[in-house]
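Notes follow once the structure below has been shown.
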Amino acid sequence: MKINLVMIVKNEERSLKRCLQAARPLVDEMIVVDTGSTDRTVELAREAGARVYEFAWVQDFSAARNYALEQSDADWNLVLDADEYLRPVKRKVLAASLARGDERHGRGKWMGAILQFDAYRDEKEGSSISVHSALMPRLLPRGVRYRGIIHEQPDANFPCVQIPLQTDHDGYLLEGKSRRNLEYLERAIEQEPENPYYWYQMAITLRDVGRLEESRPWFFRLWKEGKKEVGYWTDGILRYLYTLMDIGTAEGLEEAKEVIDDTERMLGKRADFRFVCGLFYTKLVLSDVGRYIGYLPRIEECYLECLRIGEHPEMETVAGTGSFKAAYNLGLWYELSGQPEKARIYYRKAAKEGYGPAKERLKMV
């Protein structure tokens, strides 16, 4: 069984060496396709032992990825970006997983999903980094290609099965990526206006660049018309709720309440959903205490439910919503409601997991 690493790159000298070093023990060959670098990317790829090819950029990520895949003769192609770093795992563990997948689904008739941990800046939570986990189809059998000019996806109707590969991704910590993507997304939507995945990507990209009101109709359409069974729909609903809270108008809060009421039965067993509900009910009550005082108990209920559910990174969630972030917010709730002993209990729980804001609150309660 041959496994190749297949990548497209451009000006990735910041991260490429680390990416290739992490992947090298798991693959037979490393194939790197450069799309026009002006830094040391090509040199670093060759120094790491990769086979390097050049591809003239044609404003289409799938075209570049498919060219890279055409250079590989492997049974399986591991597709990574240069700002993604595999966590250590033994080759024999991966091989055993692939053998099980072939036995269950048929050789070359399925795709391997890796668990990716995305880092974001998160100043609101008093921390520099927020980690979001997601399952991504990145180990592709021979012959599978991509479609879509941006946010490209494998063009295969194969089951996607989790395999024992995990990556850390730090690309979202850099500035400018979302703005760059907008132009491509506009073109993609022109070509496929009824594709819900592009509604989702347009919504979150507009949100990321601060154009909240412009993102709102895309979120709304995803909520009403999107396919609820796909993973990105859930993420879209959660980001929709955060967007409506960030907008902060009475109309927006009423819309968020409607979204929560509509999706609670489906999403209520997720800690990240309960977490955003806790934030929402807090904001709702504070917006008009007289009108919404009846929602006050739900704040405590939401965070307690977060802790009961716990952390489930395989469900594509934000780290801490089932543990330290929920415990910290519960501590705040108890402190503000005049229950300092309970507040200290939950601050300590969050502090034990290394959450800095909880350590600071413990000094004050």
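The values are calculated or read from the model by the stated rules, or taken from the named source; none is laboratory data. Source: prediction; values computed, not measured. Cβ sites come from the backbone with ideal geometry, for glycine too, and all protein chains shown count toward neighbours. Please note that ligands, DNA and RNA were not included when accessible areas were found on the heavy atoms of the full protein model with its side chains. Shrake-Rupley method; radii C 1.70, N 1.55, O 1.52, S 1.80 Å.
Taking only Cα atoms, what is the 0 to 90° angle, nearest 10, from helix 91-105's long axis to the longest principal axis of the chain?
Relative to the chain, helix 91-105 is tipped by roughly 90 degrees.
Short version: ³J(HN,Hα) in whole Hz for each residue of the range 244-254, in order, from phi by Karplus 6.51 cos²θ - 1.76 cosθ + 1.60 (θ = phi - 60°), x for Gly and Pro, what are they?
So the Karplus estimates, Gly and Pro as x, are 4, 5, 5, 4, x, 6, 4, 4, x, 5, 5 Hz.
What ranking of Y146, Y232 comes out by heavy-atom accessible area, probe 1.4 Å, highest first?
These residues rank, largest area first, as Y232, Y146.
Could you work out the local net charge near N195, counting Lys and Arg as +1, Asp and Glu as -1, over the other residues with Cβ closer than 14 Å to its Cβ?
Neighbourhood net charge equals -3.
What's the extension gain from V93 to Q191 if we count 0.36 nm per residue and subtract their Cα-Cα distance?
31.1 nm
Tell me which residues come under 5 Å, amide H to amide H, from A50 once H is placed; ignore anything under 5 positions away on its chain.
Under 5 Å from the amide H of A50: no residue qualifies.
Test of understanding: what is the full-extension gain from D28 to Q59, defined as 0.36 nm times their sequence separation minus their Cα-Cα distance?
Value of the extension gain: 8.2 nm.
Cα centroid distance between the range 4-53 and the range 66-105, in Å?
Measuring centre to centre over Cα atoms gives 16 Å.
If r is the Cβ-Cβ distance from E214 to L174 and R0 is 22 Å, what FRET efficiency results, to the nearest 0.05?
It comes out at approximately 0.45.
Considering the Cα positions of the chain, please state its Rg to one decimal place and its Dmax as a whole number of Å.
22.3, 67
Quick one: accessible surface of D208, probe radius 1.4 Å, all protein chains present, in square angstrom to the nearest 10.
Around 80 Å² of this residue is reachable by solvent.
Out of all DSSP beta bridges with both ends in the chain, state the antiparallel percent to the nearest 5.
50
Given only helices, namely DSSP H runs of n ≥ 4 each adding -39500 (n - 2.57), what is the per-residue ellipticity at 222 nm of the chain, to the nearest 500 deg cm²/dmol?
Estimated from H runs of four or more residues: -16000 deg cm²/dmol.
I want to check the label-to-label distance for H105 and R14. Put each point 7 Å from Cα in the C-beta direction and report it in nm to one decimal.
Label at H105, label at R14, 3.3 nm between them.
Can you give the percent of C-alpha pairs in the range 216-334 whose distance is more than 23 Å?
That tail contains 27 percent of the Cα-Cα pairs.
May I ask you to rank H151, H169 by accessible area, largest first, using a 1.4 Å probe over the protein chains only?
Result, largest first: H151, H169.
For T249 and I345, FRET efficiency with R0 = 41 Å and r from the beta-carbon atoms, rounded to 0.05?
Efficiency computed from Cβ-Cβ geometry: 0.70.
If you count only protein heavy atoms with a 1.4 Å probe, what accessible area per residue comes out for the chain, rounded to a whole Å²?
Per-residue value: 48 Å².
Just to make sure I understand: if all protein chains stay in place, what is the order of R207, R270, R46 by accessible area at 1.4 Å, largest first?
Listed by decreasing accessible area, they come as R46, R207, R270.
Would you calculate the separation in nanometres between label points at E229 and E43, each defined as 7 Å from the Cα along the Cα-to-beta-carbon direction?
5.2
Amide H to amide H, which residues 5 or more places from I8 or on other chains are under 5 Å from it, using H placed in the peptide plane?
V33
Quick one: what are the phi-derived ³J(HN,Hα) couplings along the range 152-168, Karplus 6.51/-1.76/1.60 with θ = phi - 60°, whole Hz, x for glycine and proline?
Ordered by residue, 3J(HN,Hα) equals 4, 10, x, 8, 7, 8, 10, x, 10, 10, 5, 10, x, 10, 10, 10, 9 Hz.
May I ask you to derive the FRET efficiency for K363 and E301 from their Cβ-Cβ distance with R0 = 25 Å, giving the value to the nearest 0.05?
Taking R0 as 25 Å, the efficiency between K363 and E301 is 0.35.
Local charge sum around L135 (other residues, Cβ-Cβ under 10 Å, Lys/Arg +1, Asp/Glu -1)?
-1
Roughly speaking, to the nearest percent, how much of the chain's 1.4 Å accessible area is carbon and sulfur?
Answer for the chain: carbon and sulfur cover 50 percent of the accessible area.
Counting only residues 5 or more places away or on other chains, whose amide H sits under 5 Å from the amide H of Y146 once H atoms are built in the peptide plane?
Residues meeting the criterion, in which the H sits 1.01 Å from N, are N66, D155.
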